[in-house]
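The values are calculated or read from the model by the stated rules, or taken from the named source; none is laboratory data. For clarity, every value in this text was computed on a predicted model and none was experimentally measured. Note that each Cβ is placed from the backbone with ideal geometry, even for glycine, and that neighbours are counted across all protein chains shown. These accessible areas exclude ligands, DNA and RNA; they are computed on the full protein's heavy atoms, side chains included. Shrake-Rupley method; radii C 1.70, N 1.55, O 1.52, S 1.80 Å.
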Number of protein chains: 2
Amino acid sequence: MADVVMEEGPEAAEARDVTDFILQDILAGVLLPGTWLKQIDLERRYKCTRPEVRRALDRLAQKRLVEHVPNRGYHVYEPDGRRAQEVSEIRIILETAIAATIVSNAAADEIAKLRKLADHFDLMVLNGTMLELYEANLAFHRQLLTLGGNLELVDLITEIRQRTSSAPVSQWRTRARVEQSGREHHQMIDAIAAGDVESLKALVRQHILQR
Amino acid sequence: MADVVMEEGPEAAEARDVTDFILQDILAGVLLPGTWLKQIDLERRYKCTRPEVRRALDRLAQKRLVEHVPNRGYHVYEPDGRRAQEVSEIRIILETAIAATIVSNAAADEIAKLRKLADHFDLMVLNGTMLELYEANLAFHRQLLTLGGNLELVDLITEIRQRTSSAPVSQWRTRARVEQSGREHHQMIDAIAAGDVESLKALVRQHILQR
DNA sequence: GTAACCTAAATTGGCGCCAATTTTGGATAC
DNA sequence: GTATCCAAAATTGGCGCCAATTTAGGTTAC
């Protein structure tokens, strides 16, 4: 239970920060790649002050989700195929490297917890907004990665997922792909329950590459 | 040559930013772990304005090099053994994963370039400041990692090296260890030249773990 | 119709200022 | 000597304002 509380607590608190509001709109495809983010528009949109907007934009620029052009403002980065491919490659390296640890750490209650999050994702496929879907997906993956035992790695992967604006609108191009992602979640859990490290690795790779 | 220019150009530009000044002082051990960073002191120290200081501190806080305590200010994070160990583990996973690619990509001129950087590090061991040593080390490793062909990974590793304030003062506790690092650089280059992937991996691991 | 120019409007960038909060140091009580 | 209290000093946090820069739209020339 403590893990569940911790996952939901910080997120609730952070949801109030302008940085997250903007990020959510980028990820949801509301603020499209190439869009110029005018500070005064953002003030009005998110009902906050200029300094707050500026801090949020600077943070997003540091994460390379938006680009700062001096005296002109900030715009959402265009998708960069090279970067996306490289980030996927990094994720595959990291997530397959900890597959064996995940499998050996997965007690029955952890597997049940994962199954519950995978079910929640399936539910969001049916009934949720794009953002809810994204967050359900993230919750599942964070929980999965936490079994690897390296908290820095969990945070790192969560962070780099955002680097290429793996927005739902670009991540899941078809309803069929979304549903396959849901099935893959369950297949990963099956592999873990069966202690099958190689299957888990293969599934992780397939999942990240979206094939 | 183009690579060398690119490496030195951005660095020269960034060296003027307060974020980097503060970061350098943290890495050099001037601003020790636990030190409270008073904004008005930093203004005076780096001869800049309050907004610049604030932006720099926020950025460093985002990178978790400093911690923000509301209404009290910012302080340099204390070393965290768990985080350092986890970051090392991540680095080992990533850097050994691309060892084969490094070896296959290493043409003679690349090897010569690495050798030159390793020699430069040795020179800094003898004659350089702690900061120059740190930067020579970083230059060597960036060049090495670039051979892996994944630019995001190069930037990522550069970034996470800083997370645990791998300051020279804590990274190299003895002169002997510094000199060994220099020898290991050359041994890595030898392994690459010999096409010996497994030796390179072992050396990378040993190097990161500082044993 | 297109290009160049100019001006007003819009926006960004950054500084100064002050309210809010914390820290410091002295006075007082025990 | 130690603990508590209080006021002054120091610092942080954030807002308002305005200079600097860019954009947008109208006018003129070809």
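Things to note:
- Shown for B:V69: label points 7 Å from Cα along the beta-carbon vector, and their distances to the equivalent points in the other copies, 4.3 nm in ascending order.
- Residues of segment B:29-78 buried by at least 50 Å² of accessible area upon assembly of all protein chains, compared with the chain on its own (1.4 Å probe): B:D58, B:R59, B:Q62.
- Chain A: most fluctuating residue of A:A176, A:A118, A:A28 per GNM, C-alpha cutoff 10 Å: A:A176
- Given +1 at the Cβ of Lys and Arg, -1 at the Cβ of Asp and Glu and no other charges, the dipole of segment B:81-209 around its Cα centre is 440 debye to the nearest 20.
- Prolate/oblate/rounded label for the protein assembly as shown (Cα gyration tensor, a/c 1.5): oblate
- If R0 is 45 Å, the Cβ-Cβ spacing of B:R183 and A:A202 corresponds to a FRET efficiency of close to 0.70.
- Sequence-separation-based contact order of chain A, relative, with Cα cut under 8 Å and 6+ spacing, percent: 24 percent
- For the segment A:79-90, counting C-beta atoms of other chains within 10 Å of every residue's C-beta and taking the mean gives 3.
- Residues of segment A:121-154 whose accessible area (probe 1.4 Å, heavy atoms of protein chains only) drops by at least 50 Å² once all protein chains are present, relative to their chain alone: A:N150, A:E152.
- Whole-Å distance, taken between Cα centres, linking segment B:173-198 and segment A:52-91: 36 Å
- In Hz, Karplus ³J(HN,Hα) per residue of segment A:34-49 (6.51, -1.76, 1.60; θ = phi - 60°; x = Gly, Pro): x, 4, 7, 9, 7, 4, 6, 5, 5, 4, 6, 4, 9, 6, 9, 8
- Rolling a 1.4 angstrom probe over chain B with all protein chains present gives an accessible area of which 53% lies on carbon and sulfur atoms.
- Over 28 Å apart at the Cα level, from the set B:K63/B:K116; A:K47/A:K113; B:K116/B:K201; A:K113/A:K201; A:K38/B:K47, are B:K63/B:K116; A:K47/A:K113; A:K38/B:K47.
- Nm distances between copies for A:G128, ranked from closest, using label points 7 Å along Cα→Cβ: 4.8
- Summed over both chains, the accessible area lost when B and A associate is about 2200 Å², using a 1.4 Å probe.
- Compactness of chain B, expressed as Rg and Dmax over alpha-carbon positions, Å: 17.9, 57
- Distances in nm from A:T174 to the matching label points in the other copies, shortest first (labels 7 Å along Cα to Cβ): 6.2
- Summarising the label geometry, the points placed 7 Å from Cα in the beta-carbon direction at B:A112 and A:E52 lie 5.8 nm from one another.
- Proximal charge balance of A:P33 [Cβ under 11 Å; K/R count +1, D/E count -1]: -3
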